[in-house]
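J.: Just dropping this structure here.
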Amino acid sequence: MSRWVVVLLLLVGGVANAQIVRPMGETPGDLGPSTPTTEEPRAVAPTAANRERFSRFSAGRGGPLFAFSQVVDGLVVVGLIGAGLSTPSTGPLAVPGGAYLGALAGGVGLGAVGVLLQYFQPIGLVAAGAAALGLGVGVLAGLGLATGLSSFVTGLPEVLPGLLALVGSQVGALVPLALLWSADDLDPSDLAMLGAGALDAFALAAFFNVALGRPLLAPALLLAPAVGMAVGGLVAALTRLPLSTVVRYGALPVGIGLALFYLGGVVFQAPQLAAIAALGGMALTVGITALVGFAQGPSASDAVTVVPSITMLPASRRAEQLVLGPGFVGTF
C-alpha cells in the first residue's frame, strides 16, 4: 500500500512542476534565466536632418557649382548696377570705377550667400545645373523687361536694367531650389526639358520675328527663354519623359530649323524665306517624329508591365512583425 502512495505522490509532483510558468529563456534544467541578448540598432532612413554630407565644405554634390554660378552672377549683374550708379549719362560703362566696385561687391556678396546656402542645404549636381540655367535665363528676362519698359517710359534710371537683371537671376536660381528643397536631386531628363524649353522658345521667337519681316524685338527675344523654361518645368512636373524623347522632340527640331535657316539666309541670301522654311521644318520634324513613334508603338522601356507577386510589408512602424499577402509589381 505504501508503494502506491509513493507513486501517486511522484505523479502529482511531476504534474505540478510542469504547470509552473517559467520566464522565456529558462528551462527546467537551467539554474536561472538565460543571458538577455542585446538587439542591434535599427537602420534609420536618411532624412534631411541626418543625411551624410558630401564634403567638409559642402552638403551636396552640386554645392560648388551653385556657389560658382552665384559668384559669376554677382560679378556681371552687380557690376552693371555699379556702372549705372556711377554716372547718369547714357554710357554708364564710361566710368570704370563704379563697374569695378560693383563687380567686386557683387562677387563677394552673392558668392558668400551661395557658399552659406550650399554649406547647410544639400544641393544635387543636376539641381545646381538647373539653378545655373535659371540664373542665365533670369538675367536675360530682366534685361528684356528693362528694354521693354524703356521703349514705353522715358527717363528711366540707368541702374534699372541691372536691378531687374539681379532680381530675375535670383528668382530663376532660387525657384528650382525651393521646389527641390526636400528632394535629393533633379532627374537629368527634367533638366534637359528645362533647357529644351528655353532653347525652343528663343528659336521660335527669333524665327517669327524674321519671318514677319520686321526688326528684331529685343524684349521678345530676351523674355522668350524664361517663358520656355517655365513651360518646360511645368511639363516636367506633370509627366515623366525619358531623355531620348526630350532630344527627339526638343533638340532635333531646333537643329533642323537652324540648318534650314542657315541654308536660306547665308547660301540663298533670303532671311525671311529662310525663317519661314525653318519654322516649317521644325513643325514637320515634330510631326514625323510623332508619327514614327505611334507607328512603332511603345518600346520595351516605355511599356507598362504588371506581375502578380507576394507582398511583404511591416505591420506598423514600431513593430517588427511582417505581413504577407497577394500583390502586384508594376514596371513603368
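J.: Out of Gly213, Gly228, Gly232, report the one residue that is touching a residue at least 12 places away in the same chain (Cβ under 8 Å) and either in contact with a Pro (Cβ under 9 Å, 6 or more places away or on another chain) or exposed (fewer than 14 other Cβ atoms within 10 Å of the Cβ) (or both). Let's see the steps before the verdict.
T.: Details: Gly228 fails: either in contact with a Pro (Cβ under 9 Å, 6 or more places away or on another chain) or exposed (fewer than 14 other Cβ atoms within 10 Å of the Cβ) (or both); Gly232 fails: either in contact with a Pro (Cβ under 9 Å, 6 or more places away or on another chain) or exposed (fewer than 14 other Cβ atoms within 10 Å of the Cβ) (or both).
On inspection, the qualifying residue turns out to be Gly213.
J.: Any residue in the range 65-86 that is without any contact (Cβ under 8 Å) to a residue 24 or more places away in the chain sitting within a Cβ distance under 9 Å of a residue that is of a type in the set (D, E, K, R)? List the pairs, counting only those 6 or more apart or interchain.
T.: If the second residue must be of a type in the set (D, E, K, R), the pairs left are Ser86/Glu158.
J.: Also: With touching a Phe, Trp or Tyr at 6+ places or on another chain (Cβ under 9 Å), under 29 Å from Leu85 (Cβ atoms), modelled with pLDDT of 90 or more and surrounded by fewer than 20 Cβ atoms within 10 Å (Cβ to Cβ) as the only criterion, which of Val108, Val167, Val171, Val115 stands out?
T.: Values: Val108 fails: touching a Phe, Trp or Tyr at 6+ places or on another chain (Cβ under 9 Å); Val167 fails: touching a Phe, Trp or Tyr at 6+ places or on another chain (Cβ under 9 Å); Val171 fails: touching a Phe, Trp or Tyr at 6+ places or on another chain (Cβ under 9 Å).
After ruling out the rest, the residue left standing is Val115.
J.: Cβ-Cβ distance below 7 Å, separation of 6 or more or different chains: which pairs start in the range 172-186 with a residue that is in a loop (DSSP other than H, G, I, E, B) and end on one that is of a type in the set (Gly, Ala, Ser)?
T.: Partner pairs satisfying both residue conditions: Leu180/Ala127; Ser182/Ala48; Asp184/Gly124; Asp185/Gly124; Asp185/Ala127; Leu186/Gly124; Leu186/Ala127; Leu186/Ala130.
J.: For the range 257-267, what are the residues that are crowded, with 18+ Cβ neighbours inside 10 Å and not aromatic (Phe, Trp, Tyr)?
T.: Going residue by residue through the range 257-267, those that are crowded, with 18+ Cβ neighbours inside 10 Å are 257, 260-261, 264-265.
Scanning the range 257-267 gives Gly257, Leu260, Gly264, Gly265.
The values are calculated or read from the model by the stated rules, or taken from the named source; none is laboratory data. Please read these numbers as outputs of a predicted model, since none were measured by experiment. Note: ideal-geometry Cβ built from the backbone for every residue, glycine included; neighbour counts use all protein chains shown.
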